[in-house]
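Student: Below are the structure tokens for one structure; questions will follow.
The values are calculated or read from the model by the stated rules, or taken from the named source; none is laboratory data. Keep in mind it's a predicted model, so treat the numbers as computed, not measured. All Cβ positions, even for glycine, are placed from backbone atoms using ideal geometry, and neighbour counts span all protein chains on display.
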Amino acid sequence: MINKKQVMESLDMLLVPGVMRSIVKMNLVRNIDISDGKIDITLASTALSPGTQEWLKNKINNIAGGFTGISEVNINVEDAPVKDLNQIGNVVAVMSGKGGVGKSLVASLAAVALTRDGYDVGILDADITGPSIPKMFGIGDRPSGSESGLLPVTSKSGIEIISINLLLPSEDDAVIWRGPLIGSAITQFWEEVLWGKLDYLIVDLPPGTADAPLTVMQQLPVSGIIIVFTPQDLTAMVVRKAVKMVQQMGKPILGVIENMSYLYVPEINKKIELFGKSQAKDMAQAAGAPLLGQLPIDPALAKLCDEGNIERYDSDTYNDFAHNLTEAFSLWQKNSRANEKRR
């Protein structure tokens with residue numbers, strides 16, 4: 001006799017149009033009842049257009065009706081708030097007090113690294129006035145959805161992405177908003193986007209310690225922060241302000257990463273510190289967190305970002321960063337579980 005697990009495994013092969021993740025991973029399957037040769041399946045209609053709902057119902061009917069011993073399939077559709085469907089294990093914000101240090105790059109590389117490790121990952125682009133995430137991933141499709149919610153756009157490797165640039169008439173259009181509107185947009189990306197089941201949601205923050213970072217830390221259940229900086233003395237001074245903000249907000253810093261640490265010239269086998277001596281160890285000490293890596297200025301990476309192919313990037317330094325990142329997350333989660341047991 002067919003059981004719920006087998007039905008769920010079959011439904012996990014059915015992808016939601018527009019987002020291209022399964023209805024199971026989007027957490028749209030609310031209930032499955034099996035009895036006397038009959039299957040009753042309840043499907044959430046959240047963020048689905050009427051046409052998509054009908055298409056999914058037909059597909060589900062064909063899948064469930066194909067099981068041996070099943071003579072009747074009933075599919076019920078119900079409304080469900082986005083907050084009841086989203087199951088996000090960890091919200092990780094990427095932050096720096098200074099602009100132009102590569103927060104979006106690090107956020108994207110972190111998401112790619114976690115995805116390669118087999119995790120389900122999303123990126124919330126909270127840099128409302130300077131969004132660059134879609135460009136690096138080569139995404140130009142507008143998000144689909146309905147009055148009940150918005151579906152993120154999925155990258156080539158399966159990373160869910162939402163960004164204000166995906167909602168503008170043109171990617172070159174400027175967002176000229178005051179702080180409260182920016183904060184409201186970030187909150188909506190959290191509360192009204194159907195992320196479904198994710199292991200990690202990476203939040204790409206704008207620079208500074210003002211409205212947008214404050215909104216994220218107060219409104220979202222941030223698990224931890226990654227601090228990004230470059231070697232200049234000026235940058236280090238400004239980034240320390242961000243570190244102090246995070247500490248005052250009581251959020252853990254999972255690690256720090258030095259971007260644009262050097263330029264490697266293979267013809268002479270030499271690393272050139274274009275922006276001065278590395279401050280990686282000092283910043284790690286100031287943050288009280290591990291150093292996740294020192295990323296060089298890499299023309300190959302810049303080219304891939306311009307082409308929208310960041311997911312194809314690979315290098316020894318990046319692999320070291322990816323390894324350190326997953327190790328830091330594993331250690332943090334282990335410590336978190338231990339602290340919970342003590343309570």
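Student: Considering each of SER157, SER170 in turn, give the residue that is in contact (Cβ under 8 Å) with a residue 12 or more places away in the chain, in the same structural domain as LEU105 (by TED's automatic domain parsing), among the polar types (S, T, N, Q) and assigned to a loop (DSSP other than H, G, I, E, B).
Tutor: On the way: SER170 fails: in contact (Cβ under 8 Å) with a residue 12 or more places away in the chain.
Exactly one of SER157, SER170 is in contact (Cβ under 8 Å) with a residue 12 or more places away in the chain, in the same structural domain as LEU105 (by TED's automatic domain parsing), among the polar types (S, T, N, Q) and assigned to a loop (DSSP other than H, G, I, E, B), namely SER157.
Student: Now for a different question. Here are some conditions: (1) closer than 22 Å to ALA322 by Cβ; (2) surrounded by fewer than 19 Cβ atoms within 10 Å (Cβ to Cβ). GLU258 meets all but one. Which one does it not meet?
Tutor: Going through the list (1) closer than 22 Å to ALA322 by Cβ; (2) surrounded by fewer than 19 Cβ atoms within 10 Å (Cβ to Cβ), GLU258 breaks only (2).
Student: Hey, another quick one. Name the residues in the stretch 187-196 that are touching a residue at least 24 places away in the same chain (Cβ under 8 Å) and more than 21 Å from SER108 (Cβ to Cβ), would you?
Tutor: If we filter the stretch 187-196 for residues that are touching a residue at least 24 places away in the same chain (Cβ under 8 Å), which is where we start, we get 187, 189-196.
Residues satisfying the conditions are THR187, GLU191, GLU192, LEU194.
Student: For the stretch 240-253, name all the residues that are surrounded by 17 or more Cβ atoms within 10 Å (Cβ to Cβ) and part of a loop (DSSP other than H, G, I, E, B).
Tutor: Scanning the stretch 240-253 gives a single hit, LYS251.
Student: Do the conditions hold for ALA300, that is, is it modelled with pLDDT of 90 or more, within 30 Å of THR154 (Cβ to Cβ) and in a helix (DSSP H, G or I)?
Tutor: It is true that ALA300 is modelled with pLDDT of 90 or more, within 30 Å of THR154 (Cβ to Cβ) and in a helix (DSSP H, G or I).
Student: Same structure, new question: Output the residue which, of all residues in the stretch 33-49 that are surrounded by fewer than 18 Cβ atoms within 10 Å (Cβ to Cβ) and within 22 Å of TRP195 (Cβ to Cβ), is farthest from the chain's Cα centre (by Cα).
Tutor: Top of the filtered list is THR42.
Student: Out of (1) crowded, with 17+ Cβ neighbours inside 10 Å; (2) over 18 Å from TRP195 (Cβ atoms); (3) among the basic types (Lys, Arg), what's the single condition that is false for LYS25?
Tutor: Exception for LYS25: condition (2).
Student: Is the stretch 87-106 home to any residue that is farther than 20 Å from TRP190 by Cα, among the polar types (S, T, N, Q), at pLDDT 95 or above and surrounded by fewer than 24 Cβ atoms within 10 Å (Cβ to Cβ)?
Tutor: Looking only at the stretch 87-106, we keep the residues that are farther than 20 Å from TRP190 by Cα, and these are 96-102, 105-106.
Now drop any that are not among the polar types (S, T, N, Q), which leaves 96.
Imposing the further condition that a residue be at pLDDT 95 or above reduces the set to none.
Checked the stretch 87-106: no residue is farther than 20 Å from TRP190 by Cα, among the polar types (S, T, N, Q), at pLDDT 95 or above and surrounded by fewer than 24 Cβ atoms within 10 Å (Cβ to Cβ).
Student: So, one more: Give the stretch 153-172 a look and list any residue that's touching a helix residue (DSSP H, G or I) at 6+ places or on another chain (Cβ under 9 Å), surrounded by 20 or more Cβ atoms within 10 Å (Cβ to Cβ) and not polar (S, T, N, Q), or say none.
Tutor: VAL153, ILE159, ILE161, ILE162, ILE164, LEU166
Student: OK, next. Test of understanding: among GLY224, GLY140, which residue is within 21 Å of the chain's Cα centre (by Cα), at pLDDT below 95 and assigned to a strand (DSSP E or B)?
Tutor: GLY224
Student: Shifting gears a bit: Say whether the condition of being closer than 30 Å to ASP117 by Cα, in contact with a helix residue (DSSP H, G or I) (Cβ under 9 Å, 6 or more places away or on another chain) and not in a loop (DSSP other than H, G, I, E, B) is met by at least one residue in the stretch 232-239.
Tutor: yes
Student: Pick out the one residue from PHE275, PHE321, PHE329 that is touching a Ser or Thr at 6+ places or on another chain (Cβ under 6 Å) and either at negative phi or surrounded by fewer than 17 Cβ atoms within 10 Å (Cβ to Cβ) (or both).
Tutor: Selected residue: PHE275, the only one of PHE275, PHE321, PHE329 that is touching a Ser or Thr at 6+ places or on another chain (Cβ under 6 Å) and either at negative phi or surrounded by fewer than 17 Cβ atoms within 10 Å (Cβ to Cβ) (or both).
Student: Now for a different question. For LYS98, indicate whether it is assigned by TED's automatic domain parsing to the domain that holds GLN188 and under 30 Å from TYR313 (Cα atoms).
Tutor: yes
Student: Enumerate the pairs (first residue in the stretch 200-215 and closer than 13 Å to ILE226 by Cα and buried (at least 24 other Cβ atoms within 10 Å of the Cβ); second residue anywhere and at pLDDT below 85 and small (Gly, Ala, Ser)) with beta-carbon separation below 8 Å, excluding pairs fewer than 6 apart on the same chain, so at least 6 apart or on different chains.
Tutor: Sorted first by the residue in the stretch 200-215, then by its partner, the pairs are LEU205/ALA212.
Student: Exactly one condition in (1) closer than 23 Å to SER155 by Cα; (2) among the aliphatic types (A, V, I, L, M); (3) not assigned by TED's automatic domain parsing to the domain that holds GLN247 is not met by LEU124; state its number.
Tutor: Condition (3) is where LEU124 drops out.
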